[in-house]
Structure formats: structure tokens, C-alpha cells
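Q: I'd like to ask some things about the structure below.
What follows draws every value from the coordinates through simple rules; no lab data is involved. Here the structure is a predicted model, which is why all the values come from computation and not from measurement. Glycine also receives a Cβ, built like all others from the backbone with ideal geometry; neighbour counts cover every protein chain displayed.
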Ligand SMILES: Nc1ncnc2c1ncn2[C@@H]1O[C@H](COP(=O)(O)OP(=O)(O)OP(=O)(O)O)[C@@H](O)[C@H]1O
Ligand SMILES: [Mg+2]
């Protein structure tokens, strides 16, 4: 005969209410773990889908995610020549603030080379980009249907494909165009500036005594092409051949000055340590506080339940009930409360995690760990009650 | 062998000015199946006698032997497992019935049997039999809050007798009942004690309840001042 269950049966509604409340608390704890995991997944989504070994960025920067980095696109040819490098391609990243049907929206635009690294990972609907211009692949979260047009920097781009759950490290949905289109979009606003600087350049060349008038005229567009090039990328990513030495390739590129080759690991470190560490600490602290609150609630409830039972416990002692039965009564109630609350919290979060605005990743190991912590909290919480119960004298059962 | 032997049993509460001699030098033996009534005014030490025999109150001096086992010799022997003795050899019935509120009548009886290692099924069957013999067959699934005073006390008797203890200690078991119910409960108690060959020590205020008892002690100021044999 299980005393714990029978006592609970007698105080059903109070017990269930407490479990519900605790369940909500634990649900929040679980969601926070999931939110952190989601932040991590989101932060590294582009990094991981690119699956490059090296990220070459502008010297002295931690780009392209955490800082601005600008490097000439052409450096990719030089990188391809580095021993061990199998594939290298340039990528362009930019945040776009746009407007659609009167509502502003933000997304993160990736420009990639067709057939190169860093393009859309799995296409969940439609097709990948097939031509060099005016096609765009957007994430489902942007809610733009296939075949629809999106106006960017004066041009209309046709949505040809959808990705799923691709977000930038800031959590904005990602869209993909070709590198050439991305560069066009990125430097479009500068067209006037380019014309101005071209005129200035022609002026300066004409004033050089060593150049004839016609030489200066011929040189102007070529110099302008070099100086005002829009063939700028934010990073060049490289994938090594199997078995190639990463450190060696990195070392080689490092020697060129002007560029900084970061490994995928470095990038992950930059993204997670630098950018979401605070969020992690914040969430971790919050979870710890909520767990402490849960512990306090459980121990308070178990303690009051024990206080209500002091006479019962005295009677049990009087009729010779073993201590382990009495300890079991309190401990089982505490554990049961924790486990029911855990189950309620888990059900709740399983049902709702898809509806969160940002990704909530429920990871089995996190949930198992939390379960272990809840069990420990329950055991701890019951100790106060057990101590009280052990001090009860059987004589207390005799008083009128 | 005696069911209970006490010798020079003394309980003193407090010390100095606040010293109270609750029980002074009580000496007597009870044979198995013997019905003993204990009378006396309030504060005369009746409850103290039962609780010192019942391993609830540690005596200051004197000896208690229960069913051949020395359970007090100027205090409790250090190695004595009080709970074991209580669950194996003793049955308690008190004025307030002390039933466990979250257990039904039958479960209240079962717990005593399970305490002694009996399996749930057997304990249930046995408890039902006992409750039926006490006329509670139809009430056995009720919670104590819904039982009448007499029904509660009969359930408490069933619990005390379930393990067929050698000694039953009953402290004013009929005090909370009206006369008719009181008589009925007392009669059942006596009948079951005789059937089980249990010695029974009943404390009561009520002279009318003691008919049919083998021996009647009267207490005053912690001492036995009168002993009658029927
Ligand atoms: N725990 C205690 N601490 C101090 N004194 C006590 C304690 N228990 C009992 N006493 C005292 O011991 C004496 C005997 O008490 P006891 O309860 O045995 O009397 P009783 O005969 O059962 O009385 P009643 O008929 O009122 O139940 C009383 O003077 C009482 O005040
Ligand atoms: Mg008394």
C-alpha cells in the first residue's frame, strides 16, 4: 500500500494545482534552454551551411559576421592556388531593410557564386538560382511566394526557391542572389559617387606632365575600373582537399598581409563567444533562478504537507511503522510532484515551441540534464520535511 | 510466561521545584488474556502507566518485561528497537481514535499488518475479516472523517488487534462515545482480546465500564491505591 499516493489522492486538487504551477515554471526553464540552443543554431546557420574550412577576411578584422570586412573578389584566384585548397569562392553579405506592401522588413542577403560555396543549402520548394541575374532564393520565413517579384536597388528579382530556417546571426531571414547581383545591390547607391570620382580622376590624370592628353583619356576608365571596382566581396571561403593541412594553408595566406584567414572553428568561436555569450549567461542565470524558485516552492509545499501530517506521522510511529516508510512517504511525494511538473512542462513546450518567433531547439541531453536536476531538487526539497518528520515523537499521537 | 511484568516502575517529569512524580513504584504482573482495568482521578498517572509500558515514554526507574522481553530497566536498553516491539507485541487504542485521515477504514487496519511485513493482498483480506467481525463490513471503504465516533473507535480496535498483539493498551477508548456505544465497543474489545489471548489494560473514568474485568487497579497520585480481583 503506497501512503504517498493515498495522501495525494486525499489532497488531489491542491497537489494538482501545485504541479501545474511548477509545470509552467519548468516549461519556461525548458524553453530558455531551447532558446539558447536556438540562438546557437541560428548564429552558426550560415557558417555551418557554407561548410568552409577557411574564411579569408580583411586584415585585422573578425569579419564577415562580427565585423565589416572588405576584400577584392579576385583574391579567390590566389587562394585557389594555395596548396591543399580544393575550392575557393567569394561571398557577399549585407543587411537589407526593405518595404513590402507598406510594411518594413529586414533580411540578410547573401551573394554567392553559382556553383561555388555558401549558396542556399537545402531548397524546400522551387529550385536553386539558375541564371546569373535577377533570381533570388528566399527563406520561407520571409513569406514571399515562389514566382513573386522582389524589388532591390531598382531591379526586380524573381523568387525561384525557398530555404527553411536559414537565419543570420542576428536572427533575420536569409535570401540568396548571385555574387554579381549582390555587388550590384551593394554598390548601387554609390553610382553618383563613382561618376564624381571618375571625373576627378580624369582631371588629375590630365594634369600629369608625363601623360599626353590622349594617353590620359585612355587610362581614365582603366584606372577607374581598378580603383572604383565593385568587385568587392566580404569574404572568400575555401574548402580544403581531404587530408590537406589546414594550419599550413592558413599560415600561407597569413603571410600575404592584407588578409586574415580564419578557420571555421575561429568563426564559431567569434559567433558564439562574442555574440551570444551574454545571451547565454543571461538565459543561464534566469534558468538557475527559476530552478531555485521551483526548489523553494517544492520544499515549501512538501514541508507544509508534512506539517499537516505530523499527527499522522506520530501515529505511524506509534504503531511501529519503519522510518523508511515515513521517509518514503515524503520523498515520493516530492519526487512525484517534480516529475508530474516536469511532464506538464515538457508537454507544454513540445506543443508550443514551433510557435515561438525565434528558433527553440529542444535538445535531448538538455532535457535529460534538467530531469536530473529536478530529481535532485526534489530530493533536496524533501529533506526539510523529512527532518521534521524524524523529530516527531510517537507520544504526539496521544494528545487529545 | 506473563504478558506484562512491571517492577518498581517510576516516571518522574522535570526536576527540582517542577518535579512531578507521574508514576511511583508500580509493581504487578498481567497474564496472557487477562483483562485489567485502571481507574483513578485525572492526573493520577494512568496514561503514564500505559505509555511507559507502551515504549512511548521512557521510565525513570524500574523494569518492564513484555512477553518475556526486557524492554525497560531503569530506562530503555540502548539496543532496543522500540518500533519493532511496538509493532510486534503491542496494540494501541486511544480516546481520540488516531486513524489516518487519508486512508479508508480497511486501509487503516491494513497498515498495521503491512508494518509487520504482510503482503498487501493478505493484509486486505485479513483486515476485511476483522472489520466484518466488528460489524463494519459495509463501512470499510469510508474515510475516517465520514465514520461515526463508534465506527472510528471500532476501526481503531481492529487496527490494534490486527497483529494479534500480546498486549493491548487502551486509554479511555469509550470516553468520546455515548454510553450505549461505549458499552458496545468495550464488549467487542473484551471479546476480541479473549479470542486472541491478548492481555488488555484499559484506562477508564467510568466505573460502569469495568464489569467483566479480571482485575481493577485504582490509581491516585501516581500510586496504586487499590487492587480488586473478580
Ligand atoms: N509530558 C509531561 N511532562 C510533564 N508532566 C507530565 C507529562 N505528562 C504527564 N505529566 C504529569 O504527570 C501526571 C500524570 O499524568 P497522566 O497523564 O498520566 O494522568 P492521567 O491519570 O492519565 O490523567 P487523565 O485522567 O487526566 O488523563 C500529571 O500530573 C501530569 O501533569
Ligand atoms: Mg490520561
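Q: Taking only Cα atoms, what is the 0 to 90° angle, nearest 10, from helix A:276-308's long axis to the longest principal axis of chain A?
A: That helix lies at roughly 10 degrees to the long axis.
Q: Restricting the count to DSSP beta bridges whose residues both fall in chain B, what percent are antiparallel, rounded to a multiple of 5?
A: Antiparallel bridges: around 55 percent, rounded to the nearest 5.
Q: Going by Cα centres, the range A:124-194 and the range B:134-153 are how many Å apart?
A: That distance is 79 Å.
Q: At a Förster radius of 30 Å, what calculated FRET efficiency corresponds to the Cβ-Cβ distance of residue A:281 and residue A:364, to the nearest 0.05?
A: My answer for the efficiency is 0.80.
Q: Over the range A:298-400, calculate the relative contact order: mean separation of alpha carbon pairs under 8 Å at least 6 apart, over the residue count, as a percent.
A: 58 percent
Q: Also: What is the calculated FRET efficiency for residue A:232 to residue A:371, with r their C-beta to C-beta distance and R₀ = 45 Å, to the nearest 0.05?
A: So the FRET efficiency works out to roughly 0.30.
Q: Compute the distance from the alpha-carbon center of the range B:53-97 to that of the range A:35-80, in whole Å.
A: A separation of 80 Å, based on Cα centres.
Q: Which value, in Å to one decimal place, does the Kirkwood hydrodynamic radius take for the range B:1-86 when every pair of different Cα atoms is included?
A: By the Kirkwood definition, the hydrodynamic radius is 13.3 Å.
Q: Here's something else I'd like to know. Averaging over all projection directions, find the projected area of the Cα convex hull of chain B and quote it in nm² with one decimal place.
A: For chain B, averaging the hull's shadow over all directions gives 12.6 nm².
Q: If you don't mind, another one. Determine the distance separating the Cα centre of the range A:324-351 from the Cα centre of the range B:192-230; give it in Å without decimals.
A: Rounded to whole Å, the Cα centres lie 50 Å apart.
Q: Taking beta carbons within 10 Å but only from partner chains, what does the mean come to for residues B:110-118?
A: Mean shielding count: 3.
Q: Using only the alpha-carbon atoms, how far is helix A:213-227 inclined from the longest principal axis of chain A? Give it as 0 to 90 degrees, nearest 10.
A: Computed tilt is about 10 degrees.
Q: Could you tell me what percent of the DSSP beta bridges with both partners in chain A are antiparallel, to the nearest 5?
A: Bridges in chain A that DSSP calls antiparallel: roughly 80 percent.
Q: Also, I was wondering about something else. Give the Debye-formula value of log10 I(q)/I(0) at each listed q (0.25, 0.26, 0.31 Å⁻¹), with one equal scatterer per alpha carbon of the range B:82-138, two decimals each.
A: At q = 0.25, 0.26, 0.31 Å⁻¹ the computed log10 ratios are -1.17, -1.22, -1.28.
Q: Got the relative contact order for the range A:1-135 handy, in percent, Cα pairs under 8 Å and 6 or more residues apart?
A: Here the relative contact order equals 15 percent.
Q: As a check on your grasp of the helix formula, calculate [θ] at 222 nm for chain A: sum -39500 (n - 2.57) over DSSP H runs of n ≥ 4, divide by the residue count, round to the nearest 500.
A: The helix contribution divided over chain A gives -17000 deg cm²/dmol.
Q: While we're here: From the square roots a ≥ b ≥ c of the eigenvalues of the alpha-carbon gyration tensor of the range B:130-174, which class results: rounded (a/c under 1.5), prolate (a/b over b/c), or oblate?
A: The shape class here is oblate.
Q: Could you list the residues of the range B:24-44 with an amide nitrogen less than 13 Å from a label point located 7 Å from the Cα of residue B:221 in the Cα-to-C-beta direction?
A: Backbone N within reach: B:24, B:44.
Q: With the contact rule set at Cα under 8 Å and sequence spacing of 6 or more, what percent relative contact order holds for chain B?
A: Dividing the mean separation by the residue count of chain B yields 28 percent.
Q: Starting from the Cα of residue B:1, step 7 Å along the direction of its Cβ; do the same at residue A:212; then give the gap between the two resulting points in nm.
A: Between residue B:1 and residue A:212, the label points sit 13.7 nm apart.
Q: What FRET efficiency comes out for the pair residue A:355/residue B:42, r = Cβ-Cβ distance, R0 = 45 Å, nearest 0.05?
A: The pair residue A:355/residue B:42 has a calculated efficiency of 0.05.
Q: When the Kirkwood radius is taken over all Cα pairs of the range A:32-113, what Stokes-Einstein diffusion coefficient follows at 37 °C and 0.692 mPa s, in µm²/s?
A: 217 µm²/s
Q: Listed highest first by mean packing, meaning other Cβ atoms within 10 Å per residue, what order do A:254-267, A:294-307 come in?
A: A:294-307, A:254-267
Q: By how many degrees, between 0 and 90 and to the nearest 10, does the Cα long axis of helix B:120-133 differ from the longest principal axis of chain B?
A: Here the helix axis deviates by roughly 80 degrees.
Q: Throw me the Rg/Rh for the protein assembly as shown, computed over C-alpha atoms with Kirkwood Rh, two decimals.
A: Here the Rg-to-Rh quotient is 1.36.
Q: Can you work out D for the range A:1-67 in µm² s⁻¹ from Stokes-Einstein, where Rh is the Kirkwood radius over C-alpha pairs, the temperature is 4 °C and the viscosity is 1.567 mPa s?
A: In µm²/s, the coefficient rounds to 78.
Q: What translational D, rounded to a whole number of µm²/s, comes out for the range A:169-323 from Stokes-Einstein when the hydrodynamic radius is the Kirkwood one over Cα pairs, at 4 °C and 1.567 mPa s?
A: 54 µm²/s
Q: Compute the distance in nm between two label points, each set 7 Å from the Cα along the Cα-to-Cβ direction, one at residue A:200 and one at residue A:273.
A: Placing both labels 7 Å along Cα→Cβ, they lie 4.0 nm apart.
Q: Just checking the output field for B:53-59: average partner chain Cβ neighbours within 10 Å of each residue's Cβ?
A: For peptide B:53-59, the averaged partner shielding equals 3.
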